[in-house]
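Peer 1: What follows is a single structure, and I will ask about it in a moment.
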Ligand SMILES: Nc1ncnc2c1ncn2[C@@H]1O[C@H](COP(=O)(O)OP(=O)(O)OP(=O)(O)O)[C@@H](O)[C@H]1O
Ligand SMILES: [Mg+2]
């Protein structure tokens with residue numbers, strides 16, 4: 001079997017849809033620094049190029065006024081037990097354009113794998129970008145993910161990111177996303193992660209609501225067991241009239257897991273408002289006992305509550 | 001008719017406060033037994049104690065359901081035996097749809113999940129299935145909607161005894177009739193009901209009623225008579241003067 005086929009199979013095993021032969025769907029398939037496939041559609045430029053050992057630069061540019069119908073599929077990964085993949089991603093959504101990207105990052109056999117993502121994302125006025133990233137790291141806990149994003153959303157632009165890792169091990173995740181928002185711009189960043197054993201999750205998401213009527217939502221839902229650890233640093237600053245934001249962090253822990261939530265909210269304009277909510281603890285007892293009164297045992301009931309939280 | 005539930009001299013103390021002080025009553029198959037009484041008299045506490053909620057283990061007394069002593073059983077064991085509870089303030093969940101929630105009762109009885117049964121149960125509580133099945137039972141549902149969905153989930157469980165803790169509170173007048181119909185549905189299927197309520201209208205659905213005062217049942221009898229007594233002697237409280245604890249059943 002060739003590398004491309006192995007990568008696509010691993011992607012499908014991790015729950016990905018088979019879209020790579022559809023000519024209406026733009027895609028990129030990368031295994032470490034090998035570019036195994038790339039395809040683009042009208043109005044969109046999707047391109048990958050190797051720039052150094054283990055390093056690939058990926059460009060996504062949507063031309064003004066183009067609303068790309070089908071989500072762009074990106075499949076990144078490292079197939080062997082050991083390896084390194086660094087992706088420098090440059091996204092530019094021009095005026096009035098829209099695109100959705102679904103990135104699947106798969107490291108099914110990882111024992112010692114490093115995945116580094118450095119992204120610069122620019123969304124021009126009235127542009128909209130949805131980025132959904134799904135990770136599958138296998139069962140060894142041998143993955144380290146380091147992701148940095150520098151995001152700029154111009155007036156009336158909109159960005160939604162959704163990260164999920166719900167099956168298998170996490171290993172180590174270290175995220176740092178920073179977004180600047182202009183007038184009427186909106187950003188929503190969601191993370192759903194399930195950690196176990198000695199998994200370590202560190203997320204820092206920051207949104208700066210600099211523009212009038214800009215909006216920001218940072219929403220993290222984490223479930224941890226065994227001796228998993230999570231640190232969530234959510235930061236929203238609002239400094240213009242009508243800027244509004246909300247930070248929400250819910251973490252359910254079991255066993256010896258440890259969760260921390262450090263919300264930072266800063267408001268420097270009298271007509272701006274930021275709220276935050278954090279709930280960390282074991283499964284809520286009223287929720288649990290309601291399900292037990294339907295005949296479920298404690299384990300089944302807490303499974304439903306945790307799955308619900310992560311699917312939310 | 002045979003005794004479905006027997007509550008014998010239940011005493012419960014939480015944080016040194018004795019909240020239930022020798023509760024005693026029984027419920028028969030298909031019987032609707034109403035509990036009324038002022039705020040804080042211990043009605044919900046009794047409901048939790050019967051269901052076996054954590055920290056509501058009685059220090060004294062016996063709960064016998066279908067001839068079995070429940071005192072040491074876990075909540076889910078009691079549920080499997082046919083006892084269940086609709087909370088006064090039902091829980092809300094992230095990411096759990098109405099459909100999933102309702103299918104749990106069916107699954108736990110080992111029944112296949114039937115879309116038709118789920119829809120029928122929702123219709124019975126006047127919740128339109130098409131609009132609600134895929135919604136989450138989170139804070140976006142109104143209080144009344146949430147309570148009616150709770151009732152629908154009990155219907156699907158086909159229990160032998162349900163404890164309804166103020167099923168009518170926060171529910172509009174139209175839905176109130178539906179709750180009455182649900183009570184009748186349970187009764188017709190031989191399900192006993194412990195109905196905790198503050199509402200006169202709900203009392204009409206009861207076969208018998210009891211008045212609770214400070215953790216004790218001070219009177220049992222016909223719902224009308226108990227309600228009249230409550231209104232004339234308990235509001236405001238005349239306890240020092242002439243409250244008698246005779247049981248007239
Ligand atoms: N966990 C607890 N710890 C301490 N006190 C409690 C606890 N639970 C209940 N109580 C007290 O026990 C009393 C009975 O409460 P309960 O909720 O059973 O009243 P109720 O009859 O259901 O009232 P309502 O009509 O308002 O629903 C109250 O005074 C309440 O404050
Ligand atoms: Mg109560």
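Coordinate-derived values only; no laboratory data. Just so we're clear, the structure is a prediction, and the values are computed from it rather than from any experiment. Note: ideal-geometry Cβ built from the backbone for every residue, glycine included; neighbour counts use all protein chains shown.
Peer 1: Averaged across A:296-305, how many Cβ atoms of other chains sit within 10 Å of each residue's Cβ atom?
Peer 2: Mean number of neighbouring Cβ atoms from other chains: 4.
Peer 1: Compute the angle between helix B:98-108 and the longest alpha-carbon principal axis of chain B, please, reported from 0 to 90 degrees and rounded to the nearest 10.
Peer 2: In chain B, helix B:98-108 runs at an angle near 70 degrees to the longest axis.
Peer 1: Taking neighbour counts of Cβ atoms within 10 Å as a proxy for exposure, in what order, fewest first, do A:4, A:233 appear?
Peer 2: Ranked by crowding around the Cβ, least crowded first: A:4, A:233.
Peer 1: May I pose another question? Kindly identify chain A as rounded, prolate or oblate by the Cα gyration tensor criterion: order the square roots of the eigenvalues as a ≥ b ≥ c, call it rounded if a/c is under 1.5, otherwise compare a/b with b/c, prolate if a/b is larger, else oblate.
Peer 2: Because a/c hits 1.5 or more and a/b fails to exceed b/c, chain A counts as oblate.
Peer 1: Could you order the peptides A:188-200, A:270-282 from most to least packed, using the average number of other C-beta atoms within 10 Å per residue?
Peer 2: Result, highest mean first: A:188-200, A:270-282.
Peer 1: How many Cβ atoms of partner chains, on average, are near each residue of B:80-87 if near means within 10 Å of its Cβ?
Peer 2: 3
Peer 1: Now for a separate question. Suppose R0 equals 30 Å; then what is the FRET efficiency for residue A:241 and residue A:264 from their Cβ-Cβ distance, rounded to the nearest 0.05?
Peer 2: 0.90
Peer 1: Once the Cα atoms of helix B:173-188 and of chain B are each reduced to a long axis, what angle between those two axes, in degrees from 0 to 90 to the nearest 10, is obtained?
Peer 2: Relative to chain B, helix B:173-188 is tipped by roughly 80 degrees.
Peer 1: Which of the three applies to the range B:16-167, rounded, prolate or oblate, going by the alpha-carbon gyration tensor with a ≥ b ≥ c and a/c under 1.5 meaning rounded?
Peer 2: It is prolate, given that a/c is not under 1.5 and a/b is the larger ratio.
Peer 1: Follow-up. What is the distance, in nm, between label points placed 7 Å from the Cα along the Cα-to-Cβ direction at residue B:214 and at residue A:70?
Peer 2: 7.6 nm
Peer 1: Over the range A:3-283, what is the mean sequence separation of C-alpha contacts under 8 Å (at least six apart), divided by residue count, expressed as relative contact order in percent?
Peer 2: The normalised contact order for the range A:3-283 reaches 10 percent.
Peer 1: Got a sec? How would B:93, B:56, A:11 order by Cβ neighbour count within 10 Å, fewest to most?
Peer 2: With the sparsest Cβ surroundings first, the list reads B:56, B:93, A:11.
Peer 1: Rounded, prolate or oblate: which one fits the protein assembly as shown, using the alpha carbon gyration tensor with axes a ≥ b ≥ c (rounded when a/c is under 1.5, else prolate when a/b beats b/c, else oblate)?
Peer 2: Prolate shape, in that a/c is at least 1.5 and a/b is the bigger ratio.
Peer 1: Per-residue Cβ counts within 10 Å, from other chains only, averaged over A:279-290: what number is that?
Peer 2: Partner-chain Cβ atoms within 10 Å, mean over residues of A:279-290: 4.
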